Each structure stands twice: as C-alpha cells, then as structure tokens.
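The values are calculated or read from the model by the stated rules, or taken from the named source; none is laboratory data. Just so you know, these numbers come straight off a predicted model, no measurement behind them. Positions of Cβ are backbone-derived with ideal geometry, glycine not excepted, and every protein chain shown enters the neighbour counts. Heavy atoms of the whole protein, side chains included, go into the accessibility calculation; ligands, DNA and RNA do not. Shrake-Rupley method; radii C 1.70, N 1.55, O 1.52, S 1.80 Å.
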Amino acid sequence: MKTELLTVNDENIKKAGRIIVDGGLVAFPTETVYGLGANALNDEAVKNIYKAKGRPSDNPLIVHVADKADIARLVKEIPPKAEKLINAFFPGALTIIMNKSDLIGKTVSGGLDTVAVRMPKNEIAHKLISESGCPIAAPSANTSGLPSPTRAKYVIDDMMGKIDAIIDGGDCEYGVESTVITLASEPPVLLRPGAVTKEMIESVIGEITVAPAVLEGMKDDEVAASPGMKYKHYAPKAKVVMVNGTKEQYEHFVNSKTDAYALCYDGDNVNIPKVTYGKENDDLSQARELFDALRELDEKGAKKVYARTPHKDGVGMAVYNRLIRACAFCIIDLQKPFTIGITGPTGAGKGYVCDILRSKGFKVINCDEVARKVTEKGSPLLDKLCEVFGNDILHGGELDRALLAKRAFDTKEHTRLLNSILHPVICEECKRQAQGLTVLDAPQLFEAGLEDDCYKVIAVLANKETRINRIMKRDNIDREAALLRISAQYDDDFFIDNCDYVIYNNGGENPLTQTENILEVIL
Ligand code: TXA
Ligand code: MG
C-alpha cells in the first residue's frame, strides 16, 4: 500500500477526512501522541487498525470525538462524575471509560461492554474528526509493543506502507498518552496516568483509586482492569534497567559501567554514552522526551541502558508508569543500603557465593565479622552482655565467645535476649559500612529484620547431609553438635518462600553460573 505523507493545510485535512469516511486509515497528531485513526463505526476499517499495528484483538481502542455533544450516543449514560470530568478536561489529554451503547461494535471495544472516549485538544486532530463527520477510533500510531510515536518520523518508521496517510503535524505537546480513567465502576479507577494528573482529577470528583498495575508489575493471577496493562509496552530493543537513587548515587553507579548507555536528565554528570529525557525537576519535559529518547537509544544501537528513576507525583506518575514498563519492571534500588543480601542455613556455602560477588566488584560485608568487631575488648556492648549473661563471660576484658554461646543458646528466651542486644548494633554498623554495590553476608538476615534494607535477597541452600559434613569438617565438631546448630535455623522452605532467588550449592551445581544468571536479571 502506498502511504501518503500529508503536510498540514485545509486541503490535506479534507483529504484525510475523506480517507476516513471511505474506510481508510490515517495517522494524525494529537497533543499526547500520534494516533492511528479509522471510522469507529466501520467494523472493517477498525479491524485494519489492529492489523497495521499487530495489536491483540482484545485490546480496545479509544474513540475520539470533536464535540462534547457527540459523546452521548456512544455510551449508555454519562455518569454525573463523567459529566464533571468532561466539563473540566475536554478537550484534553483525558480518556473516560463508560458503558458503551449499541452503536459501538465489539471490534472497537475489544469485546468489552465499555467504551473509552476522548476529545483531543490538538487543532489538527479536532479538524480531522470534524471533517470526517464520524467518531474516530485511534490507538497510538506505533507498532504494538514499541514506544508511542511523538513525531511523524516515528509513525513513518512503523506505519509506512501499511496505512493510507500520515499527517505530519510536528512534535506532540505532551509526549505521553492520555490519562485513562474508568467511570464504568464506582469508585472511579485510574488505569493509565497522563498529563491530566490524579491530583487534577481528584480536585474535580473527589478521591479516586489508582489501579495497582499502574506502578507495579501485574501479579500472575491478576485480571487486567485495562487490557493494555497486560501487554509488553514501550519496549526498546535494549535492555533497560531503572536505577533509583540520588543524582550522585546514579552518576557514581553509571560511571562505573562499560558497554552501557545512561538514560538520564539534562545536566547529569555522566561520562558514558547518554541520551537525556528532560530536566530533573520538570516532569512535563520528561514526559515530552521519554518516548523520543527510547527510540533514539534503539537508533544508536544501545544494548543495555541504565535509566534514572523519575518521581512519581503529578505528571511524573505517567513518566514512571511508561518507563517502568520499558524496563520490564527491573529496578536497582541504590537507596537501600545493601544491593544483595545473602543468607541461608549454616554450611550451605554463603561464603563461596560472596567470593564470587566480590570478584564481580561488589563490596561484601560479613555480619559475623561485624558481630566480632562490635564485641571487641572495650565495646560498650560488653557491659550489657555481662548484665544478662554474667560477668564471667569476660576474661581480662576479652569476651569468652564459647561461654556466651553456651549460655545464650541454652533456651529460646536467652537467644532472643542475645539477639535483642546484638542485632541493632550489628545492623547499624553494617549500614555504616555499606557503600555502592554492597553485598550483606547475613546468616541471620531475617532474624535481624534486615530484609527490607536489601534490594534483593538470595538464599544459598544445600542438602542437609552436605551441610552436616561441611560443618563437622569446618568447625571440627561431631555430628550431634552439627545437627544441633542446623536445628536452630530456618528450613529450606522458609528461605524459598521469603527470598527473591535461591542458589543451590551441593557441589554438583555451578554456583558461578547461577550467580551470574541472577546478576543478569537484577542488574
Ligand atoms: O493519548 C492517547 O490516548 C492516544 C491518542 C492517539 O489518543 N491513544 C492511545 O490509545 O494511547 P492506545 O490504544 O494506545 O491506548 C489505549 C489504552 C489501552 O491500554 C487500552 O487497553 C485502554 O486504553 N482501553 C481502551 N478502551 C478500554 C476499555 N473499554 N476498558 C479498559 N481499558 C480500555
Ligand atoms: Mg498504545
């Protein structure tokens, strides 16, 4: 098919309107992103939109109108809150979902009983809809799964030869798609954030809820409130990872990388190849430039990208929502003191995995060493320990660790007391030592409540027999003593349930490969 490129003038808009009336497809600018339009009331034409985009047929389209008066016939009724939103934000970057009338076919609505309605503010879009004299169904004019087009050039990249015409109306004002809210249910639910913010909406209709999938990945058993939520989105070819932290933390992190791109703000001090998306404290600029930046990264052939995490308020929520999808929900959180917590039962080989991580450039903090350090001669902790476990645990100021262990592990209550004295001080010292990419080697990670301070927690597990043999050899103790130590710890199921990843280390498996695979996913 020959795709006609149309510049903006009255004659061309008329021509585009005729193409729509005749059942063709026209890509056109809106203030959000470019749309790929067809007559919403022509089932065959609408089917061709899905075909051109490669869009799953259960993902409904937004129906665009030129006038508020055109909405009534598309819906069963306009709920009072919808009326208020229409008066406040139409024309504009807001899409409202309501129960559909019979005029809306199953193809447009993706088989749902509802319809999404929007009235764009962009003058070209407005003229085109008026010219064609029908509501225009239009998703974003990109190939399904790719970033939405904010410039005609990207529409050309994706749609050339697949549709009848493209109107080149320059760059889009907002750069992210419209806010989508459903009023087909009560209370209203925000399904997709955009330039019309949650705060703006709430100032008109009171409190609304935000669908959980807006800021987090969907759980495996979750049903999508909006079909678009479940599909991969905005994904460039590069693997993108979001890096959460201060400007300095981010800069320090990316500047230690090779073979990667930074997706950062104007003015960030980055000395690896970079593409910027807006300014640090200007969410509108971030929204406007994000999709453009994602496409640019592809054009540059970036394979791996570290993106600065946007704020989540105001229009930032829309930026975060798009970027987290481009990242397939992969985040490195540098604001947690520890990048990785390593835990697991004694004898499983945590130390070996920590050695691997150290060789990969991580700083490793060993909790047992820290525990030793905070109970060295002269430490104020020793007085507390003496109060509870007796003055004779000290010999000339030095702690008799064996005696303390004997007294502290004789009953559960004594163990609890010991932990309540030691853990807070150990945790504080570990956090003080944390710096950059840090691994916390913590056999008692959960007992000390350190799991929330770790970005990811990995358990190292091994069979019981293997562990018993390792402990006997390592600590020169008999089988009974080894069994006693093992019995005081959590079982494998606990670690499997509570950790993000598990590495098996029985000797047969390859812990190096397992560790590398995990790093590949989380970094
Ligand atoms: O800014 C925009 O909204 C652009 C311009 C062209 O108007 N359009 C756009 O359309 O972004 P699209 O199809 O790319 O995204 C529409 C989103 C999809 O995630 C879809 O699942 C959801 O809205 N949606 C549409 N109708 C729906 C319905 N009846 N119920 C729930 N979600 C719906
Ligand atoms: Mg889209």
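A few remarks follow.
- Any hit, the range 168-177, residues being within 14 Å of ligand 2 (Cβ to nearest atom), touching a residue at least 60 places away in the same chain (Cβ under 8 Å) and open to solvent by 60 Å² or more (accessible area, probe 1.4 Å): no
- Selection of strands (runs of 3 or more DSSP E) fully inside the range 432-523 by the criterion of at least 2 residues being of a type in the set (Phe, Trp, Tyr) and in the same structural domain as Gly351 (by TED's automatic domain parsing) returns 501-504.
- Scanning the range 319-348 for residues that are under 12 Å from the mean Cα position of the chain (by Cα) and either within 16 Å of Pro236 (Cβ to Cβ) or not in a strand (DSSP E or B) (or both) turns up Val319, Tyr320, Asn321, Arg322, Leu323, Ile324, Arg325, Ala326, Cys327, Ala328, Phe329, Cys330.
- Filter pass, Leu5 being open to solvent by 20 Å² or more (accessible area, probe 1.4 Å) and in a strand (DSSP E or B): yes
- Any chance Val180 is touching a Pro at 6+ places or on another chain (Cβ under 6 Å), within 14 Å of ligand 2 (Cβ to nearest atom), open to solvent by less than 20 Å² (accessible area, probe 1.4 Å) and at pLDDT 95 or above: no
- Criterion applied to Val196, Val180 was being of a type in the set (A, V, I, L, M) and closer than 22 Å to Tyr50 by Cβ, and the one residue passing it is Val180.
- Any hit, the range 382-405, residues being closer than 21 Å to Gln489 by Cβ and open to solvent by less than 70 Å² (accessible area, probe 1.4 Å): yes
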